[in-house]
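The values are calculated or read from the model by the stated rules, or taken from the named source; none is laboratory data. Since this is a predicted model, take the numbers as computed values, not measurements. Neighbour counts are summed over all protein chains in view; Cβ atoms, including those assigned to glycine, are modelled from backbone coordinates with ideal geometry. Ligands, DNA and RNA are stripped out before the accessible areas are found, and what is left, the full protein with its side chains, is counted by its heavy atoms. Shrake-Rupley method; radii C 1.70, N 1.55, O 1.52, S 1.80 Å.
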Amino acid sequence: ENASLKAENARFKVDARRGNSIINTTINPIWQRDVNLNIVYCNLAFTEVAEETAESVIAVGDMELYRGHRQLGQKALETGSEQFERRHIIVGGERRLYMIREVPIKGEGTIGYATNITELEVAQEEIQRHVSALRDLLESSTSAMAIYGRDSKLKFYNFAFVNLWKMDEAWLDSEPTYGDVLEVMREKRKLPEQSNFKAFKQAQMRLFTTLIEPSEEFFYLPDGKTLRVIAIPHALGGILFAYEDVTDRLALERSYNTLIAVQRETLDNLHEGVAVFGENGRLTLCNPTFNKLWHIDTEFTATEPHMREVFSKARDLFVTDDWANYLDSLVARFQQRRHLSLRF
C-alpha cells in the first residue's frame, strides 16, 4: 500500500509539473484566488505584467493588475457567474488593452485570466477612421448615397439623398428598412410606375441576399426624371446605393447622337471623298466616296488605320520613283495641322 501511494504521488507530481509548464508557456496572464480573494497562484505571464516574482505576488495576496481588479473577482464569487471587462494596463512602459475574466470555482475561489487585445483595439480604431473618412467623402458627394446594413436598415444617408427624395430626416434617423423606404418613395411617386409593386419590392429586397458584384439599373420616374441607380455590396455588410440624376445627360446624349446621325448621312451622300484623321494620325471617319476613289474597302477603314497605312494601301494610285521618301513627306505635311491643298 505504501509503494502504491508513492507511485501515485509520483504521478501527481509529474502531472503537476506538466500542467505548470503548460500554463507558464502561455502568453496570457493566469491566476487563482482563494475564497478570500487572495491570489494563491499565478503564471509567468502574470508576473511579467505585475513586474513581480510569483513568490512576491502570493506573499502580498491582494496584488492587483489594475485598480478594481479585486472587485471583479468578488463580483464573480457573489454572482456565481463569469465576469469580464476591458482594461488598459501599462506593461513594460507600453499601454496595452486586456480582456480580464474571473471565473468562479465553487468552494475554491476564482480562476482569472487576461487576453491581450491591443491589436484588436488598433484594428477597430483603424476601421473607425476609414469609416469616418468614407462618411465624410459620401457626405460631400453630389450624388445621393445611402448605406443599409445586413438587416436592411438604413445606417447612413447624405444631404443629397434627402434633397433628392424629400424625406423627413427624423424618420430617416430612426433607421427604417429598405422596404419601408421603397414604400415611402412609392407614395411620393418617386419610383418607376409598376404594374406589380409587390414583385418589384421583393426583387429589390433580394439584393441583400444575392448581390455579389455592383449592379446598375435606371429608374424612369413619372415626373420625367431618369435616375441611374448603382447597388454596391458594402464591405461591412449590407448595400450602398448611389442615385444619380442623368436626365440632362441622357437628353444631351440623344441630341448629340441625332447630330452625329445627320452629319453621317450628309457625308455619306457627298460626291467628294472625305476623310478625318485624329491627332494620333489614325483614320476616325470617312465616307463611301473616299473608299471608292482610293480603292480601299470599308473593312480596312473600320479598323481606324494610321494615315501611313492608308496611303500605303493606295500605293498604286501614286506616281513616284522613291515611294519611301514620298510617303514620309506626305505624312509630314498632313501632321503639320495646317490648311493644305495638293494635286496628285
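Report, by residue number, each residue of segment 8-38 that is assigned to a helix (DSSP H, G or I), surrounded by 15 or more Cβ atoms within 10 Å (Cβ to Cβ) and of a type in the set (S, T, N, Q).
Hit for segment 8-38 is 24, nothing else.
Kindly establish whether residue 273 is surrounded by 12 or more Cβ atoms within 10 Å (Cβ to Cβ), at pLDDT 85 or above, assigned to a loop (DSSP other than H, G, I, E, B) and not β-branched (Val, Ile, Thr).
Working: surrounded by 12 or more Cβ atoms within 10 Å (Cβ to Cβ): yes; at pLDDT 85 or above: yes; assigned to a loop (DSSP other than H, G, I, E, B): yes; not β-branched (Val, Ile, Thr): yes.
Taking the combined requirement at face value, the residue satisfies it.
Residue check, residue 41 against (1) farther than 12 Å from residue 110 by Cα; (2) of a type outside the set (D, E, K, R); (3) out of contact with any Pro (no Cβ under 9 Å at 6 or more places or on another chain); (4) not in a helix (DSSP H, G or I), all met but one. Which one?
The failed condition is (1).
One line per residue, one yes/no per condition, for (1) in contact with a Ser or Thr (Cβ under 8 Å, 6 or more places away or on another chain); (2) within 27 Å of residue 286 (Cα to Cα):
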| site | (1), (2) |
| --- | --- |
| 213 | no, no |
| 216 | no, no |
| 220 | yes, no |
| 228 | no, no |
| 239 | no, no |
| 247 | yes, no |
| 258 | no, yes |
| 264 | no, yes |
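Give the residue that is nearest to residue 293 (Cα to Cα), with candidates limited to residues of segment 306-341 that are surrounded by 10 or more Cβ atoms within 10 Å (Cβ to Cβ) and polar (S, T, N, Q).
Top of the filtered list is 312.
If you go through segment 276-293, how many residues are in contact with a helix residue (DSSP H, G or I) (Cβ under 7 Å, 6 or more places away or on another chain) and part of a loop (DSSP other than H, G, I, E, B)?
The number of residues fulfilling the criteria is 2.
Counting only residues that are buried (at least 17 other Cβ atoms within 10 Å of the Cβ) and out of contact with any Leu (no Cβ under 8 Å at 6 or more places or on another chain), which one in segment 59-72 is nearest to residue 96 (Cα to Cα)?
65
Is there a residue being under 39 Å from the mean Cα position of the chain (by Cα) and in contact (Cβ under 8 Å) with a residue 40 or more places away in the chain anywhere in segment 56-73?
The answer is no, given that none of the residues of segment 56-73 is under 39 Å from the mean Cα position of the chain (by Cα) and in contact (Cβ under 8 Å) with a residue 40 or more places away in the chain.
Give the residue that is least open to solvent (accessible area, probe 1.4 Å), with candidates limited to residues of segment 254-270 that are under 42 Å from the mean Cα position of the chain (by Cα) and of a type outside the set (Gly, Ala, Ser). It would help to see each step written out before you state the result.
Step one: filter segment 254-270 for residues under 42 Å from the mean Cα position of the chain (by Cα), giving 254-261.
Then keep just the ones that are of a type outside the set (Gly, Ala, Ser); that gives 254, 256-260.
Values: 254: 146, 256: 134, 257: 94, 258: 85, 259: 93, 260: 70 Å².
Residue satisfying both the conditions and the ranking: 260.
Consider segment 204-253. How many of its residues are polar (S, T, N, Q) and either loosely packed, with under 12 Cβ neighbours inside 10 Å or farther than 24 Å from residue 159 by Cβ (or both)? Don't jump to the end; show me each part of the working.
Kept after step one, since they are polar (S, T, N, Q), are these residues of segment 204-253: 204, 209-210, 215, 226, 247.
Next, only the ones that are either loosely packed, with under 12 Cβ neighbours inside 10 Å or farther than 24 Å from residue 159 by Cβ (or both) stay: 209-210, 215.
So the count comes out to 3.
Name the single residue that is surrounded by the fewest Cβ atoms within 10 Å (Cβ to Cβ) among those in segment 294-305 being touching a helix residue (DSSP H, G or I) at 6+ places or on another chain (Cβ under 8 Å) and of a type in the set (Val, Ile, Thr).
This residue is 298.
Among the strands (runs of 3 or more DSSP E) confined wholly to segment 76-159, which include 3 or more residues that are of a type outside the set (Lys, Arg), open to solvent by 30 Å² or more (accessible area, probe 1.4 Å) and in contact (Cβ under 8 Å) with a residue 60 or more places away in the chain?
109-116
Inspect segment 262-273 for any residue being more than 30 Å from residue 218 (Cβ to Cβ) and among the hydrophobic types (A, V, I, L, M, F, W, C) and give the result as yes or no.
Among the residues of segment 262-273, at least one is more than 30 Å from residue 218 (Cβ to Cβ) and among the hydrophobic types (A, V, I, L, M, F, W, C), which makes the answer yes.
Of the residues that make up segment 239-249, is at least one over 30 Å from residue 207 (Cβ atoms), among the acidic types (Asp, Glu) and in a helix (DSSP H, G or I)?
no
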